[in-house]
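The values are calculated or read from the model by the stated rules, or taken from the named source; none is laboratory data. Here the structure is a predicted model, which is why all the values come from computation and not from measurement. Here the Cβ positions follow ideal geometry from the backbone for every residue, glycine too, while neighbour counts run over all protein chains shown. Surface areas here come from the heavy atoms of the whole protein model, side chains and all, with no ligands, DNA or RNA. Shrake-Rupley method; radii C 1.70, N 1.55, O 1.52, S 1.80 Å.
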Amino acid sequence: MRTFAVALCCLLLPLGAVQAKTFKIATIVPDGTRWMKEMKAGAEDIKMRTHGRVRFRFYPGGVMGNDKAVVRKMRVGQLSGGALTGGGLALIYPDAQVYSLPMAFTSHEEVDYVRGKMDARLIDALYQAGYVSFGFSDGGFAYLMSNAPLTTIADLAGHKVWVPEGDVFSQAAFEAVHVSPIPLPLADVLTGLQTGLIDTVASSPIGALALQWHTKVKYATDMPLMYLIGTIVLKRRDFDRLSPADQMVVREVMSKVFRRLDRLNREDNGRALAALKAQGITFVEPTPQARQAWREAVGAAVDKLVRQGTISRRITDTFYSYLNAYRHGQR
(Lines give C-alpha, C1' and ligand atoms only; values in the text may rest on other atoms or scores of the structure.)
Protein backbone atom coordinates (compact mmCIF):
# COMPACT_ATOMS: atom_id res chain seq x y z
CA MET A 1 0.00 0.00 0.00
CA ARG A 2 2.84 2.42 0.87
CA THR A 3 4.56 1.75 -2.48
CA PHE A 4 1.28 2.35 -4.29
CA ALA A 5 0.78 5.66 -2.47
CA VAL A 6 4.26 6.90 -3.38
CA ALA A 7 3.71 5.97 -7.01
CA LEU A 8 0.32 7.71 -7.02
CA CYS A 9 1.86 10.88 -5.59
CA CYS A 10 4.47 10.88 -8.33
CA LEU A 11 1.78 10.55 -10.97
CA LEU A 12 -0.12 13.45 -9.47
CA LEU A 13 2.92 15.77 -9.43
CA PRO A 14 2.76 18.56 -12.04
CA LEU A 15 4.69 17.60 -15.15
CA GLY A 16 6.86 20.71 -14.77
CA ALA A 17 8.05 19.57 -11.35
CA VAL A 18 9.34 16.30 -12.79
CA GLN A 19 11.15 18.10 -15.62
CA ALA A 20 12.67 20.92 -13.55
CA LYS A 21 16.35 21.45 -14.31
CA THR A 22 18.99 23.93 -13.18
CA PHE A 23 21.97 24.22 -15.51
CA LYS A 24 25.16 25.12 -13.65
CA ILE A 25 27.38 27.10 -16.02
CA ALA A 26 30.95 28.24 -15.30
CA THR A 27 32.95 30.86 -17.17
CA ILE A 28 36.13 32.91 -16.85
CA VAL A 29 34.17 35.96 -18.00
CA PRO A 30 33.92 38.48 -15.12
CA ASP A 31 30.54 39.27 -13.62
CA GLY A 32 29.09 42.62 -14.63
CA THR A 33 30.35 42.43 -18.22
CA ARG A 34 28.03 42.80 -21.16
CA TRP A 35 28.46 39.10 -21.89
CA MET A 36 27.26 38.09 -18.43
CA LYS A 37 24.41 40.58 -18.49
CA GLU A 38 23.13 39.18 -21.78
CA MET A 39 23.46 35.60 -20.50
CA LYS A 40 21.56 36.40 -17.32
CA ALA A 41 18.84 38.21 -19.24
CA GLY A 42 18.43 35.19 -21.48
CA ALA A 43 18.29 32.91 -18.45
CA GLU A 44 15.54 35.03 -16.88
CA ASP A 45 13.54 34.87 -20.11
CA ILE A 46 13.88 31.08 -20.19
CA LYS A 47 12.85 30.78 -16.55
CA MET A 48 9.75 32.87 -17.19
CA ARG A 49 8.73 31.11 -20.40
CA THR A 50 9.18 27.63 -18.87
CA HIS A 51 7.42 28.65 -15.63
CA GLY A 52 10.55 27.93 -13.64
CA ARG A 53 11.17 24.47 -15.02
CA VAL A 54 14.48 25.52 -16.61
CA ARG A 55 16.93 27.72 -14.72
CA PHE A 56 20.55 28.73 -15.15
CA ARG A 57 23.05 29.32 -12.36
CA PHE A 58 26.25 31.04 -13.46
CA TYR A 59 29.68 30.86 -11.85
CA PRO A 60 31.58 33.79 -13.45
CA GLY A 61 35.05 35.18 -13.05
CA GLY A 62 36.91 31.88 -13.15
CA VAL A 63 35.74 30.71 -9.71
CA MET A 64 35.47 27.18 -11.14
CA GLY A 65 38.91 27.37 -12.75
CA ASN A 66 40.11 27.69 -16.34
CA ASP A 67 38.54 26.02 -19.37
CA LYS A 68 40.34 22.75 -18.69
CA ALA A 69 38.99 22.63 -15.13
CA VAL A 70 35.49 23.51 -16.31
CA VAL A 71 35.49 20.71 -18.90
CA ARG A 72 36.71 18.23 -16.27
CA LYS A 73 33.93 19.29 -13.88
CA MET A 74 31.39 18.92 -16.67
CA ARG A 75 32.57 15.37 -17.31
CA VAL A 76 32.26 14.33 -13.67
CA GLY A 77 28.84 15.96 -13.25
CA GLN A 78 29.76 18.96 -11.11
CA LEU A 79 28.73 21.34 -13.89
CA SER A 80 26.08 21.17 -16.60
CA GLY A 81 28.02 23.32 -19.01
CA GLY A 82 30.55 26.04 -19.55
CA ALA A 83 31.24 29.18 -21.52
CA LEU A 84 34.36 28.21 -23.45
CA THR A 85 36.78 29.76 -25.90
CA GLY A 86 38.24 27.99 -28.94
CA GLY A 87 40.99 26.40 -26.86
CA GLY A 88 38.50 25.11 -24.31
CA LEU A 89 36.23 23.74 -27.01
CA ALA A 90 39.18 21.81 -28.41
CA LEU A 91 39.11 19.69 -25.24
CA ILE A 92 35.73 18.27 -26.23
CA TYR A 93 35.93 18.58 -30.02
CA PRO A 94 39.40 19.42 -31.39
CA ASP A 95 38.18 20.76 -34.73
CA ALA A 96 36.15 23.47 -32.96
CA GLN A 97 39.32 25.57 -32.77
CA VAL A 98 39.49 25.92 -36.56
CA TYR A 99 38.47 29.61 -36.52
CA SER A 100 41.51 30.36 -34.35
CA LEU A 101 44.09 29.08 -36.82
CA PRO A 102 46.96 31.58 -36.43
CA MET A 103 47.34 34.25 -39.10
CA ALA A 104 44.38 32.86 -41.08
CA PHE A 105 41.84 35.71 -41.17
CA THR A 106 42.79 39.24 -42.15
CA SER A 107 39.38 40.95 -42.08
CA HIS A 108 35.91 40.76 -40.58
CA GLU A 109 34.52 40.23 -44.07
CA GLU A 110 36.50 37.00 -44.34
CA VAL A 111 35.29 35.94 -40.90
CA ASP A 112 31.65 36.55 -41.78
CA TYR A 113 31.85 34.61 -45.03
CA VAL A 114 33.60 31.54 -43.56
CA ARG A 115 31.47 31.48 -40.43
CA GLY A 116 28.35 31.71 -42.59
CA LYS A 117 29.47 28.48 -44.22
CA MET A 118 30.79 26.63 -41.17
CA ASP A 119 29.01 27.68 -37.94
CA ALA A 120 26.12 25.24 -38.37
CA ARG A 121 28.53 22.42 -39.20
CA LEU A 122 30.56 23.00 -36.04
CA ILE A 123 27.45 23.26 -33.87
CA ASP A 124 26.22 19.93 -35.25
CA ALA A 125 29.64 18.33 -34.68
CA LEU A 126 29.58 19.51 -31.05
CA TYR A 127 26.13 17.93 -30.70
CA GLN A 128 27.44 14.64 -32.06
CA ALA A 129 30.28 14.88 -29.53
CA GLY A 130 27.72 15.15 -26.73
CA TYR A 131 27.33 18.91 -26.28
CA VAL A 132 24.69 21.47 -27.20
CA SER A 133 25.74 24.89 -28.47
CA PHE A 134 23.48 27.75 -29.50
CA GLY A 135 25.94 29.71 -31.62
CA PHE A 136 29.27 31.49 -31.40
CA SER A 137 30.02 34.99 -30.20
CA ASP A 138 32.69 37.12 -31.84
CA GLY A 139 35.70 37.53 -29.57
CA GLY A 140 37.56 39.84 -31.94
CA PHE A 141 41.05 39.66 -33.35
CA ALA A 142 43.98 39.14 -31.01
CA TYR A 143 46.90 41.54 -31.54
CA LEU A 144 50.43 41.34 -30.19
CA MET A 145 50.93 43.95 -27.47
CA SER A 146 54.26 44.72 -25.84
CA ASN A 147 56.47 47.35 -24.26
CA ALA A 148 58.47 47.61 -27.50
CA PRO A 149 57.40 47.78 -31.18
CA LEU A 150 57.13 44.36 -32.84
CA THR A 151 56.96 44.49 -36.62
CA THR A 152 59.21 41.59 -37.65
CA ILE A 153 59.91 38.11 -36.37
CA ALA A 154 63.38 39.26 -35.33
CA ASP A 155 61.82 41.90 -33.05
CA LEU A 156 60.47 39.12 -30.81
CA ALA A 157 63.95 38.00 -29.83
CA GLY A 158 64.45 38.34 -26.09
CA HIS A 159 60.80 39.02 -25.33
CA LYS A 160 58.89 37.09 -22.69
CA VAL A 161 55.67 36.16 -24.45
CA TRP A 162 52.54 34.91 -22.70
CA VAL A 163 50.27 32.17 -24.04
CA PRO A 164 47.13 30.83 -22.36
CA GLU A 165 47.56 27.52 -20.57
CA GLY A 166 46.77 24.64 -22.91
CA ASP A 167 46.52 26.82 -26.04
CA VAL A 168 48.42 24.60 -28.47
CA PHE A 169 47.82 26.93 -31.42
CA SER A 170 49.43 29.94 -29.75
CA GLN A 171 52.22 27.77 -28.38
CA ALA A 172 53.00 26.37 -31.84
CA ALA A 173 52.76 29.78 -33.51
CA PHE A 174 55.39 31.33 -31.25
CA GLU A 175 57.64 28.31 -31.30
CA ALA A 176 57.57 28.52 -35.11
CA VAL A 177 59.24 31.93 -34.87
CA HIS A 178 61.82 30.63 -32.36
CA VAL A 179 60.17 32.00 -29.21
CA SER A 180 59.60 29.89 -26.10
CA PRO A 181 56.34 31.34 -24.73
CA ILE A 182 55.37 31.36 -21.06
CA PRO A 183 52.03 29.64 -20.29
CA LEU A 184 49.99 31.30 -17.54
CA PRO A 185 46.36 31.22 -16.41
CA LEU A 186 44.39 34.27 -17.48
CA ALA A 187 44.13 35.47 -13.88
CA ASP A 188 47.93 35.64 -13.56
CA VAL A 189 48.67 37.68 -16.69
CA LEU A 190 48.37 41.16 -15.16
CA THR A 191 50.63 40.17 -12.27
CA GLY A 192 53.07 38.70 -14.79
CA LEU A 193 53.17 42.01 -16.66
CA GLN A 194 53.60 43.95 -13.43
CA THR A 195 56.48 41.80 -12.20
CA GLY A 196 58.25 41.42 -15.53
CA LEU A 197 57.63 37.68 -15.76
CA ILE A 198 56.14 38.46 -19.18
CA ASP A 199 56.28 41.58 -21.33
CA THR A 200 54.26 40.59 -24.40
CA VAL A 201 50.67 39.37 -24.74
CA ALA A 202 48.22 38.62 -27.52
CA SER A 203 44.78 40.00 -26.78
CA SER A 204 41.64 41.41 -28.30
CA PRO A 205 41.22 45.16 -27.69
CA ILE A 206 38.26 44.65 -25.36
CA GLY A 207 40.17 41.99 -23.42
CA ALA A 208 43.21 44.24 -22.99
CA LEU A 209 41.01 47.01 -21.60
CA ALA A 210 38.76 44.87 -19.41
CA LEU A 211 41.72 43.05 -17.83
CA GLN A 212 43.85 46.21 -17.54
CA TRP A 213 46.70 44.74 -19.57
CA HIS A 214 46.81 47.91 -21.66
CA THR A 215 48.27 49.75 -18.66
CA LYS A 216 51.45 47.66 -18.92
CA VAL A 217 52.13 47.82 -22.67
CA LYS A 218 53.02 50.63 -25.05
CA TYR A 219 52.74 49.12 -28.53
CA ALA A 220 50.41 46.89 -30.52
CA THR A 221 51.20 45.22 -33.82
CA ASP A 222 48.51 46.12 -36.37
CA MET A 223 48.20 42.58 -37.73
CA PRO A 224 45.56 40.09 -36.51
CA LEU A 225 47.35 37.17 -34.89
CA MET A 226 44.22 35.05 -34.59
CA TYR A 227 40.44 35.29 -34.38
CA LEU A 228 38.73 34.51 -31.08
CA ILE A 229 35.31 32.97 -30.46
CA GLY A 230 33.28 31.94 -27.47
CA THR A 231 30.18 29.86 -26.85
CA ILE A 232 28.19 28.11 -24.16
CA VAL A 233 28.00 24.34 -24.32
CA LEU A 234 25.57 22.24 -22.30
CA LYS A 235 25.95 18.52 -21.80
CA ARG A 236 23.62 16.92 -24.32
CA ARG A 237 22.62 14.26 -21.80
CA ASP A 238 21.28 16.96 -19.45
CA PHE A 239 19.67 18.98 -22.22
CA ASP A 240 17.85 15.93 -23.59
CA ARG A 241 16.12 15.47 -20.23
CA LEU A 242 14.07 18.60 -20.92
CA SER A 243 10.72 18.28 -22.61
CA PRO A 244 10.73 19.04 -26.36
CA ALA A 245 8.82 22.24 -25.66
CA ASP A 246 11.35 23.44 -23.08
CA GLN A 247 14.24 22.50 -25.35
CA MET A 248 12.69 24.67 -28.04
CA VAL A 249 12.44 27.63 -25.65
CA VAL A 250 16.07 27.30 -24.57
CA ARG A 251 17.26 27.02 -28.16
CA GLU A 252 15.20 30.00 -29.29
CA VAL A 253 16.26 32.30 -26.46
CA MET A 254 19.94 31.35 -26.33
CA SER A 255 20.33 31.45 -30.12
CA LYS A 256 18.93 34.98 -30.05
CA VAL A 257 21.32 35.90 -27.22
CA PHE A 258 24.32 34.68 -29.19
CA ARG A 259 23.29 36.48 -32.37
CA ARG A 260 23.03 39.66 -30.34
CA LEU A 261 26.35 39.06 -28.56
CA ASP A 262 28.05 38.33 -31.86
CA ARG A 263 27.09 41.78 -33.09
CA LEU A 264 27.63 43.66 -29.83
CA ASN A 265 31.05 42.14 -29.18
CA ARG A 266 32.30 43.26 -32.57
CA GLU A 267 31.02 46.77 -31.93
CA ASP A 268 32.63 46.78 -28.47
CA ASN A 269 35.96 45.64 -29.89
CA GLY A 270 35.84 48.43 -32.44
CA ARG A 271 35.31 50.99 -29.68
CA ALA A 272 37.99 49.35 -27.54
CA LEU A 273 40.49 49.57 -30.40
CA ALA A 274 39.83 53.31 -30.66
CA ALA A 275 40.12 53.62 -26.87
CA LEU A 276 43.53 51.92 -26.85
CA LYS A 277 44.80 54.40 -29.40
CA ALA A 278 43.30 57.30 -27.46
CA GLN A 279 45.05 56.11 -24.30
CA GLY A 280 48.45 56.18 -25.94
CA ILE A 281 48.96 52.68 -27.31
CA THR A 282 50.94 53.01 -30.55
CA PHE A 283 49.91 50.65 -33.35
CA VAL A 284 52.87 49.69 -35.52
CA GLU A 285 52.46 48.46 -39.08
CA PRO A 286 54.51 45.49 -40.36
CA THR A 287 55.70 45.72 -43.95
CA PRO A 288 54.16 43.38 -46.55
CA GLN A 289 57.40 41.40 -46.51
CA ALA A 290 57.26 41.04 -42.72
CA ARG A 291 53.63 39.92 -42.87
CA GLN A 292 54.50 37.27 -45.42
CA ALA A 293 57.38 36.02 -43.27
CA TRP A 294 55.02 35.69 -40.29
CA ARG A 295 52.45 33.79 -42.39
CA GLU A 296 55.01 31.37 -43.80
CA ALA A 297 56.46 30.55 -40.38
CA VAL A 298 53.07 30.14 -38.74
CA GLY A 299 51.71 28.20 -41.72
CA ALA A 300 54.45 25.62 -41.24
CA ALA A 301 53.43 25.32 -37.59
CA VAL A 302 49.80 24.72 -38.55
CA ASP A 303 50.84 22.01 -41.01
CA LYS A 304 52.74 20.32 -38.21
CA LEU A 305 49.69 20.43 -35.91
CA VAL A 306 47.60 18.83 -38.66
CA ARG A 307 50.14 16.05 -39.14
CA GLN A 308 50.14 15.46 -35.38
CA GLY A 309 46.34 15.19 -35.35
CA THR A 310 45.80 18.23 -33.15
CA ILE A 311 43.24 19.36 -35.71
CA SER A 312 41.98 17.35 -38.66
CA ARG A 313 43.08 17.78 -42.25
CA ARG A 314 39.44 17.58 -43.29
CA ILE A 315 38.35 20.62 -41.27
CA THR A 316 41.39 22.73 -42.18
CA ASP A 317 40.97 21.91 -45.88
CA THR A 318 37.30 22.91 -45.67
CA PHE A 319 38.18 26.10 -43.83
CA TYR A 320 40.83 27.18 -46.33
CA SER A 321 38.65 26.27 -49.29
CA TYR A 322 36.00 28.76 -48.11
CA LEU A 323 38.60 31.37 -47.20
CA ASN A 324 40.30 31.11 -50.59
CA ALA A 325 36.94 31.14 -52.38
CA TYR A 326 36.13 34.45 -50.69
CA ARG A 327 39.51 35.93 -51.55
CA HIS A 328 39.19 34.96 -55.19
CA GLY A 329 35.60 36.14 -55.50
CA GLN A 330 34.21 32.61 -55.94
CA ARG A 331 31.19 33.11 -53.67
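Overview of results
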read-out: Number of positions in the stretch 108-123 that are within 17 Å of the chain's Cα centre (by Cα) and either among the acidic types (Asp, Glu) or assigned to a strand (DSSP E or B) (or both); value: 2
read-out: Pairs where the first residue, in the stretch 257-281, is more than 25 Å from GLY116 (Cβ to Cβ) and the second is of a type in the set (Gly, Ala, Ser) and in a helix (DSSP H, G or I), C-beta under 7 Å, 6+ apart; value: LEU276/ALA208
read-out: So ILE315, is it of a type in the set (A, V, I, L, M) and assigned to a loop (DSSP other than H, G, I, E, B); value: no
read-out: Answer residue from the stretch 18-40, given it is among the hydroxyl-bearing types (Ser, Thr, Tyr) and surrounded by fewer than 19 Cβ atoms within 10 Å (Cβ to Cβ) and is farthest from ASN269 (Cα to Cα) among those; value: THR22
read-out: Residues of the stretch 122-149 that turn out to be in contact (Cβ under 8 Å) with a residue 24 or more places away in the chain and either closer than 15 Å to MET223 by Cα or open to solvent by 40 Å² or more (accessible area, probe 1.4 Å) (or both), as a count; value: 11
read-out: Candidates GLY87, GLY82, GLY65, filtered to the one that is assigned to a helix (DSSP H, G or I) and either farther than 23 Å from LEU261 by Cα or within 13 Å of the chain's Cα centre (by Cα) (or both); value: GLY87
read-out: Residues that are over 23 Å from VAL29 (Cβ atoms) and in a helix (DSSP H, G or I), drawn from the stretch 95-107; value: ASP95
read-out: Residue within the stretch 160-173 that is of a type in the set (A, V, I, L, M, F, W, C), within 30 Å of ASP95 (Cβ to Cβ) and part of a loop (DSSP other than H, G, I, E, B) present; value: no
read-out: Complete set of residues in the stretch 278-302 that are open to solvent by 30 Å² or more (accessible area, probe 1.4 Å) and in a loop (DSSP other than H, G, I, E, B); value: GLN279, GLY280, GLU285, THR287
read-out: Residue within the stretch 38-58 that is more than 20 Å from LYS21 (Cβ to Cβ), in contact with a Ser or Thr (Cβ under 8 Å, 6 or more places away or on another chain) and of a type outside the set (A, V, I, L, M) present; value: no
read-out: When residues of the stretch 41-77 are limited to those that are among the small types (Gly, Ala, Ser) and either more than 30 Å from VAL168 (Cα to Cα) or exposed (fewer than 15 other Cβ atoms within 10 Å of the Cβ) (or both), the one modelled with the lowest pLDDT; value: GLY77
read-out: Single match in GLY158, GLY166, GLY192 (criterion: without any contact (Cβ under 8 Å) to a residue 24 or more places away in the chain and either more than 25 Å from THR106 (Cα to Cα) or in contact with a helix residue (DSSP H, G or I) (Cβ under 6 Å, 6 or more places away or on another chain) (or both)); value: GLY158
